[in-house]
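Data first, discussion second: the structure below is written as structure tokens.
The values are calculated or read from the model by the stated rules, or taken from the named source; none is laboratory data. What you see is a predicted model, and the numbers here were worked out from it, not measured in a lab. Reconstructed Cβ throughout: ideal geometry from the backbone, glycine too, with neighbour counts over all protein chains shown. Only protein heavy atoms, including side chains, enter the accessible area calculation; ligands, DNA and RNA are left aside. Shrake-Rupley method; radii C 1.70, N 1.55, O 1.52, S 1.80 Å.
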Amino acid sequence: MSKHPTITKDFSTVTAISGPLLFVQKTQNISYGEYVELLSSDGVLRRGQVLETSFEMAIIQVFEGTSGLNLKDTVVRFTGEPISLPVSSDAIGRTFDGSGKIIDGGPPIIPKEKLDVNGSPINPKSRAYPTDFIQTGISAIDGMNTLSRGQKLPLFSGNGLPHNDIAAQIARQAKTKRTEEKFLLVFAALGITADEARFFRKSFEESGTLNRSILFMNLADDPPIERILVPRLALTTAEYLAFEEDYHVLVIITDMTNYCEALREISAAKEEVPGRRGYPGYMYTDLATIYERAGRIHGKKGSITQMPILTMPNDDITHPIPDLTGYITEGQIIVDRGLHRRGIYPPIDVLPSLSRLMKEAIGSNKTRDDHREVSDQLYYTYAEGRSLRDLVAVIGEEALSERDHLYLHAAEMFEREFVSQGRYEERSVEETLDIGWRLLSNFPESELKRISPSTIKKYLPKSTLGV
Amino acid sequence: MQKLESQVGVIEKVVGPVVFAKNMTGSSMYEVVKVGKLNLIGEIIKISGDHVVIQVYEETTGLAPGEPVFRTGAPLSVTLGPGLLNQIFDGIQRPLEILERESGFFIKRGKYPDVLSKSKKWHFIPTKKINDYVQAGDILGFVNENPLLEKHGIMVPTNVKMGVISKIVDEGDYVIEDEVAEIKTDDKLIKVNMITKWPIRKPRPIKRRIDIFLPLITGQRIIDGLFPIAKGGTAAIPGGFGTGKTVMQHQLSQWADAKVIVYVGCGERGNEMAEVLERFPQLKDPSSGLPLMYRTILIANVSNMPIAAREASIYTGMTLAEYYRDMGYDVALMADSTSRWAEALREISSRLEEMPGEEGYPAYLSSRISEFYERAGCCEVLGSDGRYGSVSVIGAVSPPGADFSEPVTQSTLRVVKVFWALDTALAQKRHFPSINWLTSYSLYKDDLNSWFDTNFASDWSALTKEFMQILQQEEELNEIVRLVGPDALSESQKLVMEYAKKIREDYLMQHAYSLTDSYCSLKKNYKMMKLLSYYYTKSKELINSGVPLSKISSLKSTRDLSRMQMVSNEEFDQFYIKMEELLRMEMASLMEEINLE
Ligand SMILES: Nc1ncnc2c1ncn2[C@@H]1O[C@H](COP(=O)(O)OP(=O)(O)OP(=O)(O)O)[C@@H](O)[C@H]1O
Ligand SMILES: [Mg+2]
């Protein structure tokens, strides 16, 4: 596709191999970041990228890993071009592997364009602030941490928690008030198990989402370093379809923890000074080049909404992976082990969860006029109940006042009735808010400090329990 | 210039944002160079012999060893003149609106449009005449930059010690490159137009620093009340992700009583810049009713833009702030987040293979941080008329894992005078602003107390002191409750707990998106304190006479206190009168009841 015929240069001066890196000597005119192909005696074609270049040496990261390569037989072919991906709306409904090769047995795709997978930053001046409400049908999200079109909102989870079910449920149920628009799901798997991959595929098939999905699959036994590339393939495709072909794209990437492990492996092989817990100091910036590829643009119809999933090592939210992610994304949904153990699905802990774009996505002509006040009051009520729960653990329930008992009870109800719902239960935002009101109706009006008297008058059902 | 440009170096090595080059004899530190066939702007950050190291302000993909490096002979500078306000620039002052027009919604490399329009005419009104003696900083005339900054001063350049005006144009419309005056000094004739350049790493000179203490009024209760910042002061807002740093900086940009706001979005989110760009033109300045964007300059290096430009962005912002200060204005600079700037510094340092200090940051981290905050201050600026101007700096800090013991937070705390510690636990309870009232402090508080007491209300500082004491007591009482339960508290201790709760929930909390409460005037702030304090004084009397707390708590008036926030600034006076009256009456009748018994 490029205007100039590509001039490739072959070198067989590999002098060292270390982890995923290859060191090539006496290279000439090799540019930073360019795409490299490796030919070796085992006949496997491997791909790589230039990480450092000088007159003496080029350092190359090899996506397929270096196992099986030797110094003598390896030929390094420099292409002089950045890594690029052919894109086209024909990719819709198709499945690719982590290198962008078709693996669904279908016909080849004729590309419309070939794009640099690293993309370019969106000019902040061109961004349109996300304001369109996406209804996921899940109360803990819609009611308390509303998702908005063009937002990047990750799931922070842990091993063995049902984040996949939640993601699949969102993919199945997500909708906006406007029905006429073109939706698309781009799914990037990074090192997930074959079981998990099957689960997602089946779930997309059942809900009829598969024919409007594009899947990029790097599974647990696929090359780990390739995981650096996979989100970029997914997002390059998403950008093309959103901003050139007007699609509203939801991008699910799972598991970002595996991405960060790959980043750490490369950094260690380069013998860089490690940052916190061995992850490279530039991990924040690197993650930003993925997460910031979401949003809306003035004058463009389409949008990219990102929902990355990551498993927190040891459920530790201060671990660099969730920590740096939280510093970049527009909030986070926390999947909590405690709630899961108590049998609550979805086990979303709304207190540490956050949607920063909620304020513009809710209200009278988006969800309902009472939304902000109800969610503020529910937050207050639940937080109060939770801290009382902690107190009870220390001093016992006897010491509590009447008012305290109300809050304690409300926290329980909030988890059992508001947060908890079926995997196939799709609640409208109005239903969600009504459940909230039902819960609040157990309180005397004077406790509902976050809600204005007029809203109370309009929505508060007559209490059934009464106080 | 010609000679310099013929001196072309050669790229030897490219590692991320850092480029090594040779054949660079004669270059100087921080000189700007153009790198490679792509003509990318970079800055020399290390010299050894004829080898140099360059940090490149744009993505370096595609650069190769052997490509040329062109010297410019000048340090990295910003362009100063009318038309900076109401604009958004990147970290090296490229105008993003023009970039968008020229190359679309993705930022393209190697493009450097003019910072200020060369064709726009400005109406210049001279304030000096021919034969007037002038010195550096004297204002030669004003142009009307926009309705919120009608007097943009065109100043005598900083290098003119003393001179006489040999020519000055009449009132009229001129473009920025038109000559408006000529100044004759001992040895030179200096031509002045409306545009200047200034190197970003060099503080603009002032006459002297001064110690006057005026509050920067922010409309945020907890700040104006408990932890105020002075004009020309420095403050840090550290906090984990999602604790409210950005919202606070947006709030301050909207409401602080500064003449000019410079907002540096340093390594943060693109959408947060979009939010300011969309909201500020619609928000009205509280005093004039004009769009707030007119007093605002945005510098955006969002998290996926090049990190070397991130390192430069805060200096770019600071230099623009100093320029408006020099005209005699109060400027407030927000930097969100200084941690991203420090990380950029760390990354470049590590590419240079410098010896890493604590957590990999270079050993000079803390001196760079203090040099930056040193540029804040209240001062007499250059010029013979004794004008004052100030730059206040408010820096967000994003400590990893919300752990404040890390180097960036610690180095910052050593230099700033105000510490607004954001607390993850409070944020998760949706107590906003999540400023922790026990650990935060303002070293200006004592000096500003006298301003508030003499200019605003004589008992202002007494009230704020009472609040702090009660909050402190609450903490101690909480300890008892945790050990032995609430029953161990006496009625008057329970009252303290109740009062503290009211202070926290009804006074300290302030919803940024509330129409009535986003901005709280000093008057409303004061009257809220008065009402709460009145409630406490009266309740204490009742408790001492044996009235149980539960009776007081169920009064309509005490419950209505919690709706104070929903009352607007305008309606508050009336609310106050009614509320005080109601409190007085209800409490009096409780007292009567008990006396009858
Ligand atoms: N004063 C406030 N009133 C209401 N809500 C607030 C306030 N401050 C913060 N919030 C809420 O907290 C969220 C997070 O705030 P903010 O984006 O400012 O965090 P931050 O500290 O800048 O995080 P990060 O370091 O990740 O950028 C906001 O989106 C908003 O929902
Ligand atoms: Mg922020």
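Being of a type in the set (Gly, Ala, Ser), more than 16 Å from ligand 2 (Cβ to nearest atom), at positive phi and out of contact with any helix residue (DSSP H, G or I) (no Cβ under 7 Å at 6 or more places or on another chain), is that true of even one residue in the range A:346-366? No - not one qualifying residue is present in the range A:346-366.
Taking residues in the range B:247-268 that are within 14 Å of chain A (Cβ to nearest Cβ) and within 12 Å of ligand 2 (Cβ to nearest atom), and partners anywhere that are assigned to a loop (DSSP other than H, G, I, E, B) and open to solvent by less than 10 Å² (accessible area, probe 1.4 Å), the pairs with Cβ atoms closer than 7 Å and at least 6 places apart or on different chains are B:Gly265/B:Val302; B:Cys266/B:Ser337; B:Gly267/B:Ser303; B:Gly267/B:Ser337; B:Glu268/B:Val302; B:Glu268/B:Ser303; B:Glu268/B:Ser337. Inspect all residues belonging to the range B:457-465 and state whether any of them is open to solvent by less than 40 Å² (accessible area, probe 1.4 Å) and within 23 Å of the chain's Cα centre (by Cα). No, every residue in the range B:457-465 fails to be open to solvent by less than 40 Å² (accessible area, probe 1.4 Å) and within 23 Å of the chain's Cα centre (by Cα).
Determine, yes or no, whether A:Thr305 is in a strand (DSSP E or B), out of contact with any helix residue (DSSP H, G or I) (no Cβ under 7 Å at 6 or more places or on another chain) and either open to solvent by less than 10 Å² (accessible area, probe 1.4 Å) or within 11 Å of another protein chain (Cβ to nearest Cβ) (or both).
yes
I'm checking my understanding of the structure. Among residues of the range A:256-280 that are in contact with a Ser or Thr (Cβ under 6 Å, 6 or more places away or on another chain) and within 11 Å of chain B (Cβ to nearest Cβ), which one is least open to solvent (accessible area, probe 1.4 Å)?
Of the residues in the range A:256-280, the ones in contact with a Ser or Thr (Cβ under 6 Å, 6 or more places away or on another chain) are A:257, A:269, A:273, A:280.
With within 11 Å of chain B (Cβ to nearest Cβ) added as a condition, the list becomes A:273, A:280.
Numbers: A:Val273: 78, A:Pro280: 6 Å².
Filtering the range A:256-280 for residues that are in contact with a Ser or Thr (Cβ under 6 Å, 6 or more places away or on another chain) and within 11 Å of chain B (Cβ to nearest Cβ), the one least open to solvent (accessible area, probe 1.4 Å) comes out as A:Pro280.
Working only within the range A:165-175, note down all residues that are open to solvent by 20 Å² or more (accessible area, probe 1.4 Å) and under 15 Å from A:Ile192 (Cβ atoms).
Within the range A:165-175, the first condition is being open to solvent by 20 Å² or more (accessible area, probe 1.4 Å), and the residues that meet it are A:165, A:172, A:174-175.
The answer is A:Asp165, and nothing else.
Within the range B:401-413, the set of residues being closer than 17 Å to B:Gly357 by Cα, within 16 Å of ligand 1 (Cβ to nearest atom) and either modelled with pLDDT under 95 or in contact with an Asp or Glu (Cβ under 9 Å, 6 or more places away or on another chain) (or both) comprises B:Glu406, B:Val408, B:Thr409. Within the range B:421-430, the residues that satisfy the criterion of being in contact with a helix residue (DSSP H, G or I) (Cβ under 7 Å, 6 or more places away or on another chain) and in contact (Cβ under 8 Å) with a residue 40 or more places away in the chain are B:Leu422, B:Thr424.
B:Gln220 falls short of the stated requirement of being away from every other protein chain (no Cβ under 14 Å), within 16 Å of ligand 2 (Cβ to nearest atom) and touching a residue at least 60 places away in the same chain (Cβ under 8 Å). Being of a type outside the set (Gly, Ala, Ser), in contact (Cβ under 8 Å) with a residue 12 or more places away in the chain and within 14 Å of ligand 1 (Cβ to nearest atom), is that true of even one residue in the range A:289-312? There is at least one residue in the range A:289-312 that is of a type outside the set (Gly, Ala, Ser), in contact (Cβ under 8 Å) with a residue 12 or more places away in the chain and within 14 Å of ligand 1 (Cβ to nearest atom). Selection within the range B:173-209: residues that are among the polar types (S, T, N, Q) and closer than 28 Å to B:Lys121 by Cβ. The member of this set that is surrounded by the most Cβ atoms within 10 Å (Cβ to Cβ) is B:Thr196. Restricting attention to the range B:277-292, the residues being open to solvent by less than 40 Å² (accessible area, probe 1.4 Å) and facing another protein chain (nearest Cβ under 9 Å) number 1. Checked against (1) part of a loop (DSSP other than H, G, I, E, B); (2) at the interface with another protein chain (Cβ under 8 Å from one of its Cβ atoms); (3) not charged (D, E, K, R), A:Gly363 meets all criteria but (2). You will find that of B:Thr243, B:Thr234, B:Thr296, the residue that is farther than 16 Å from A:Tyr129 by Cβ, among the β-branched types (Val, Ile, Thr) and within 13 Å of another protein chain (Cβ to nearest Cβ) is B:Thr243 and no other. Step by step: first the residues of the range B:389-406, then only those that are more than 15 Å from ligand 2 (Cβ to nearest atom) and touching a residue at least 60 places away in the same chain (Cβ under 8 Å), then the one that is nearest to the chain's Cα centre (by Cα). Which residue is that? The qualifying residue nearest to the chain's Cα centre (by Cα) is B:Val393.
Yes/no matrix, rows are residues, columns are (1) within 14 Å of chain A (Cβ to nearest Cβ); (2) touching a Cys at 6+ places or on another chain (Cβ under 6 Å); (3) open to solvent by 20 Å² or more (accessible area, probe 1.4 Å):
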site	(1), (2), (3)
B:Ile45	no, no, yes
B:Ser48	no, no, yes
B:Val52	no, no, no
B:Glu59	yes, no, yes
B:Gly66	yes, no, yes
B:Thr72	no, no, yes
B:Ser77	no, no, yes
B:Leu80	no, no, no
B:Leu84	no, no, no
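In this entry, A:Gly150 passes the filter for residues that are more than 25 Å from A:Leu339 (Cβ to Cβ), crowded, with 23+ Cβ neighbours inside 10 Å and in the same structural domain as A:Pro223 (by TED's automatic domain parsing). The set of residues in the range A:30-74 that are part of a strand (DSSP E or B) and more than 14 Å from chain B (Cβ to nearest Cβ) comprises A:Glu37, A:Leu38, A:Leu39, A:Arg46, A:Arg47, A:Gly48, A:Val62.
Looking across the range A:341-385, the residues that are more than 14 Å from ligand 1 (Cβ to nearest atom) and under 21 Å from the mean Cα position of the chain (by Cα) come down to A:Tyr345, A:Pro346, A:Pro347, A:Ile348, A:Asp349. Taking the range A:30-64, which residues are crowded, with 17+ Cβ neighbours inside 10 Å and among the hydroxyl-bearing types (Ser, Thr, Tyr)? Across the range A:30-64, the qualifying residues are A:Ser31, A:Tyr32, A:Tyr35, A:Ser40, A:Thr53, A:Ser54.
Of the residues A:Asp323, A:Asp336, A:Asp286, the single one that is charged (D, E, K, R) and without any contact (Cβ under 8 Å) to a residue 12 or more places away in the chain is A:Asp323.
Does the range A:414-426 include one or more residues that are crowded, with 16+ Cβ neighbours inside 10 Å and touching an Asp or Glu at 6+ places or on another chain (Cβ under 7 Å)? Looking for residues that are crowded, with 16+ Cβ neighbours inside 10 Å and touching an Asp or Glu at 6+ places or on another chain (Cβ under 7 Å), one finds none in the range A:414-426, hence no. Among residues of the range B:357-376 that are away from chain A (no Cβ under 12 Å) and touching a residue at least 40 places away in the same chain (Cβ under 8 Å), those with a beta-carbon under 8 Å from a residue that is in a loop (DSSP other than H, G, I, E, B) and open to solvent by 10 Å² or more (accessible area, probe 1.4 Å) at least six positions away or on a different chain give the pairs B:Leu365/B:Gly357; B:Glu374/B:Pro203; B:Arg375/B:Pro203; B:Ala376/B:Gly232.
A count restricted to the range B:326-365 and to residues that are within 16 Å of ligand 2 (Cβ to nearest atom) and part of a loop (DSSP other than H, G, I, E, B) stands at 1.
Among residues of the range B:339-352 being open to solvent by 10 Å² or more (accessible area, probe 1.4 Å) and in contact with a Gly (Cβ under 8 Å, 6 or more places away or on another chain), the one that is farthest from ligand 1 (Cβ to nearest atom) is B:Arg351.
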